[in-house]
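K.L.:
Just dropping this structure here.
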Amino acid sequence: MTQANDTTRVFIPLTQRRRNGRPRILPPEPEAHFQSRSQDAHILRALGRAWAWRRRLETGEVATIHDLAKAEGFTDRFVSRVMRLAYLSPGVLERLVISRDPSSVSVNELIDATYMPWAKQMELVFDGAAITTHTTSIYPT
């Protein structure tokens, strides 16, 4: 029979934060470097779409953005904004896709960073500098 003094308690200091509307459990501080290596799935999906759409246009599979939008079931505006991600600076793309460094911006802010020169994009995306150009949502209504 178990007695009160035989009980062992284990306390694991986990924290819960919301990211992109979903709860995320973060490990204790010594293990935080493992969590920081994960990239935002929304950003990776948007980058993948942008490059796939760019490839379809360049190979001639579709002739215009309008044809591409119609084939994908999105608006022309959405497709043209997301396609801008295919023209991010090579340094930013390398850190996002290969190194999987987490960015300090959302997908919309990442698209807005494409309006900046390549030299400024790195600090905008990873240092969280203010992006004040286009602020409309990329999601179709």
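The values are calculated or read from the model by the stated rules, or taken from the named source; none is laboratory data. Remember, predicted model here, so these are calculated numbers, not experimental data. Cβ placement follows ideal geometry from the backbone for every residue including glycine, while neighbour counts extend to all protein chains displayed.
K.L.:
Condition test on residue 117, is it surrounded by fewer than 12 Cβ atoms within 10 Å (Cβ to Cβ), at pLDDT below 95 and in contact with a helix residue (DSSP H, G or I) (Cβ under 9 Å, 6 or more places away or on another chain)?
P.N.:
No: the conditions fail for residue 117.
K.L.:
Scan segment 88-112 and report the pairs whose first residue is acidic (Asp, Glu) and whose second residue is at pLDDT below 90 and assigned to a loop (DSSP other than H, G, I, E, B), with Cβ atoms within less than 8 Å and a gap of 6+ or a chain change.
P.N.:
As it stands, the answer is 101/39; 109/131; 112/131; 112/133; 112/134; 112/135, since those pairs meet every condition given.
K.L.:
Does residue 76 qualify as being surrounded by fewer than 19 Cβ atoms within 10 Å (Cβ to Cβ), acidic (Asp, Glu) and either in contact with a Leu (Cβ under 9 Å, 6 or more places away or on another chain) or in contact (Cβ under 8 Å) with a residue 60 or more places away in the chain (or both)?
P.N.:
yes
K.L.:
Still on this structure, please answer the following. For residue 58, work out the one condition from (1) modelled with pLDDT of 80 or more; (2) over 20 Å from the mean Cα position of the chain (by Cα); (3) assigned to a loop (DSSP other than H, G, I, E, B) it doesn't fulfil.
P.N.:
Answer for residue 58: the failing condition is (3).
K.L.:
Please count how many residues of segment 79-96 are surrounded by 14 or more Cβ atoms within 10 Å (Cβ to Cβ), hydroxyl-bearing (Ser, Thr, Tyr) and part of a helix (DSSP H, G or I).
P.N.:
Total satisfying the criteria: 1.
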